[in-house]
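Heads up: the structure comes next, in structure tokens.
The values are calculated or read from the model by the stated rules, or taken from the named source; none is laboratory data. As the structure is a computational prediction, the values presented were derived from the model and not from experiment. Positions of Cβ are backbone-derived with ideal geometry, glycine not excepted, and every protein chain shown enters the neighbour counts. Just so you know, the surface numbers come from the protein's heavy atoms only, side chains and all, with ligands and any DNA or RNA stripped out. Shrake-Rupley method; radii C 1.70, N 1.55, O 1.52, S 1.80 Å.
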Amino acid sequence: MNEAAKIPQDTHQKSQTVRGKARYQSGVMEYRKMGYWEPDYVPKDTDIIAMFRISPQDGVDAVEAAAAVAGESSTATWTVVWTDRLTATEKYRAKAYRVDPVPGAPGQFFAYIAYDLDLFEAGSIANLTASIIGNVFGFKPLKALRLEDMRFPVAYIKTFQGPSTGIVVERERLDKFGRPLLGATVKPKLGLSGRNYGRVVYEALKGGLDFTKDDENINSQSFMHWRERFLYCMEAVNRAQAVTGEIKGTYLNITAGTMEEMYARAEFAKQLGSTIVMIDLVIGYTAIQSMSHWCRKNDMILHLHRAGHGTYTRQKTHGISFRVISKWMRLAGVDHIHAGTVVGKLEGDPNMTKGFYDILRLDHNPINLQHGIFFDQPWASLNAVMPVASGGIHAGQMHQLLDLLGEDCVLQFGGGTIGHPAGIQAGATANRVALESMVFARNSGRNIVEEGPQILADAAKFCLPLRQALDTWKDVTFDYASTDSPDFVPSVAVSN
Amino acid sequence: MRITQGAFSFLPDLTDDQIAAQVQYCLEKGWAVNLEYTDDPHPRNTYWEMWGLPMFDLKDAAGVLLELKECRKHFGDRYIRLSAFDASHGWESVRLSFIVNRPANEPGFKLQRTEMEGRHVQYTTVPYSADKPEGQRYK
């Protein structure tokens, strides 16, 4: 047991708020005495609630630490200021109202903090995050701090446009219903010329994929400037559409150094008839919201690559949970977001990942602690976001992917398409046949989890490329323990 | 060529029993199944001709199969697709759509290029069969 755990912590302390004249005596006062710990406070339906995992420094009281987070993310500074008395200060103070020890994690606490709606500007993720994560993450009395979940009131949600297209309208535009969409990221992600790059796009789309994708760091480099890529890619998309009779697309990455340049690239993509453009998470929340608005105006689907998120989402004790990023991005208005595969090469606990997918796709998220969802969250008919599963997945996992992720997602097989021994087109066909076979079998009433390998083997009898894919990748799994795992696991009730 | 619109175009053509199993799945979800046909399979041709109204309130897939047989009698030389519509709030659109009949010969599409300013090319997809009037395209 670590040192912090040896100090007894009282998480059920009564309110210690100092009132009247004494509250405004000059000097330093504990945050819990300044009104940032209010255990009797009942959050209003219109409050924004944040739930943090706090790890106080040794000897720091957990309730005081929670009150400090509430204070520093709302009105407080390190000392009493008389100018508070010029405001309706009790309303503007964020209130820590509940602190729970984290099960099985000594020294860690879940702190619930309520913020009045008036603290936030309408429709601005930048404003929201400047408050909630702006100041507190470097706070010295805490060893570590993680934003685990947030609850947004309907009134606040209604100030956001949300996804520019949404799952249903995306499917209508693409005329693709009843199965996950299929994609692939062009590889190698750096070094191909525009002409060679378009070849990969053409082969993959012709072979049966719905989308191909630029990778996060494909922007406009010396080996391929962005206009070259856009022109050759759209030749490939249109050719593939003509040979298949199906709508095809390629996520043209418009990430650039300035907003002006991003708009210029987006406009060119539109002129060329692309159905979709792509941005990276690293462009920032305001830029993401701007591109979402541009996409709504221009009938464009917006794909978001979550570049950089692993720097702050992965570790359990510090940073921001990806479920919070998912909520912010649904509000900010992206149509696609990479949200994990469970079975692939990148971090992803099955329960946590299901939580992310539910946040992106459902109109209402009930509390589900096992999936990491701490709040009941209505979405007020805000468009849903299509989760994208990408990174180290292949056709042989199709039954697991469909079972775990459902059908409203994009399955992206980059290496699993382009690395096929018989070529890119064969790789794409293998994936499409595996996918259609699995959806078909599921709808026909078969148990795909148990019968999946047999269903694939049967399909491989009429599809040689699938046979080759299954033979090539049959033993590939990425079976590592997740770092971002649930704190709550179902327990078996023991009866006497 | 083989047009690959719909959810199951990469599988061998479905038998009626296989179609019935998919229909039953849709009906059990409470979706309304409908049939549409066309001889203009352009990927942007959204509105195929409706074979009657969507079959609301149907419980047994056999009803859909009867309609499909009837539809094939009249339009067996064209594309026929089966769609399932979900009216529940938040979706209110098609849930599943797949082709259940194809013309014997699928000539496919011509890609026309118009060279514009710079290296910009404007693309137009034209079905080879579109030159003939509707109803005579796959005779």
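Might you check whether a residue that is in contact (Cβ under 8 Å) with a residue 40 or more places away in the chain, within 23 Å of B:K139 (Cβ to Cβ) and more than 8 Å from chain A (Cβ to nearest Cβ) occurs anywhere in the stretch B:17-36? The answer is yes; a qualifying residue exists. Counting only strands (runs of 3 or more DSSP E) wholly contained in the stretch B:1-119, the ones carrying 3 or more residues that are touching a helix residue (DSSP H, G or I) at 6+ places or on another chain (Cβ under 8 Å) and under 18 Å from A:E407 (Cβ atoms) occupy B:93-101. Taking the stretch A:426-447 as the search range and keeping residues that are closer than 15 Å to A:L411 by Cβ and either more than 13 Å from chain B (Cβ to nearest Cβ) or over 28 Å from the mean Cα position of the chain (by Cα) (or both), which one is surrounded by the most Cβ atoms within 10 Å (Cβ to Cβ)? Of everything passing the filter in the stretch A:426-447, A:A430 is surrounded by the most Cβ atoms within 10 Å (Cβ to Cβ). A:I247 falls short on exactly one of the conditions (1) within 14 Å of chain B (Cβ to nearest Cβ); (2) out of contact with any Lys or Arg (no Cβ under 8 Å at 6 or more places or on another chain); (3) open to solvent by less than 10 Å² (accessible area, probe 1.4 Å), and that condition is (2).
If you take the residues of the stretch A:119-157 that are open to solvent by 40 Å² or more (accessible area, probe 1.4 Å) and β-branched (V, I, T), which of them is farthest from A:T483 (Cα to Cα)? The selected residue is A:V154.
For the stretch A:144-183, how many residues meet the condition of being out of contact with any Ser or Thr (no Cβ under 7 Å at 6 or more places or on another chain), under 25 Å from A:K44 (Cβ atoms) and of a type in the set (D, E, K, R)? Selection size over the stretch A:144-183: 2. What are the residues in the stretch B:37-48 that are of a type in the set (F, W, Y) and either without any contact (Cβ under 8 Å) to a residue 12 or more places away in the chain or within 13 Å of chain A (Cβ to nearest Cβ) (or both), if any? Once the filter is applied, which keeps residues that are of a type in the set (F, W, Y) and either without any contact (Cβ under 8 Å) to a residue 12 or more places away in the chain or within 13 Å of chain A (Cβ to nearest Cβ) (or both), the stretch B:37-48 yields B:Y47, B:W48.
Scanning the stretch A:392-405 for residues that are part of a loop (DSSP other than H, G, I, E, B) and either open to solvent by less than 10 Å² (accessible area, probe 1.4 Å) or in contact with a helix residue (DSSP H, G or I) (Cβ under 6 Å, 6 or more places away or on another chain) (or both) yields a count of 2. Of the residues making up the stretch A:94-127, those that are more than 21 Å from A:Y41 (Cα to Cα), assigned to a helix (DSSP H, G or I) and of a type outside the set (V, I, T) are A:A126, A:N127. Given the structure, is A:R227 facing chain B (nearest Cβ under 9 Å), closer than 25 Å to A:G191 by Cα and surrounded by fewer than 19 Cβ atoms within 10 Å (Cβ to Cβ)? Yes: the conditions hold for A:R227.
Matching residues to (1) more than 10 Å from chain B (Cβ to nearest Cβ); (2) under 24 Å from B:A7 (Cβ atoms); (3) surrounded by 23 or more Cβ atoms within 10 Å (Cβ to Cβ):
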site: A:K187; (1), (2), (3): yes, no, no
site: A:L205; (1), (2), (3): yes, yes, yes
site: A:D214; (1), (2), (3): yes, no, yes
site: A:N219; (1), (2), (3): yes, no, no
site: A:T255; (1), (2), (3): yes, no, yes
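For A:L145, the criteria (1) touching a residue at least 60 places away in the same chain (Cβ under 8 Å); (2) out of contact with any Phe, Trp or Tyr (no Cβ under 6 Å at 6 or more places or on another chain) hold in every case but one, which is (2). Only residues that are charged (D, E, K, R) and facing chain A (nearest Cβ under 8 Å) were counted across the stretch B:7-16, and they come to 0.
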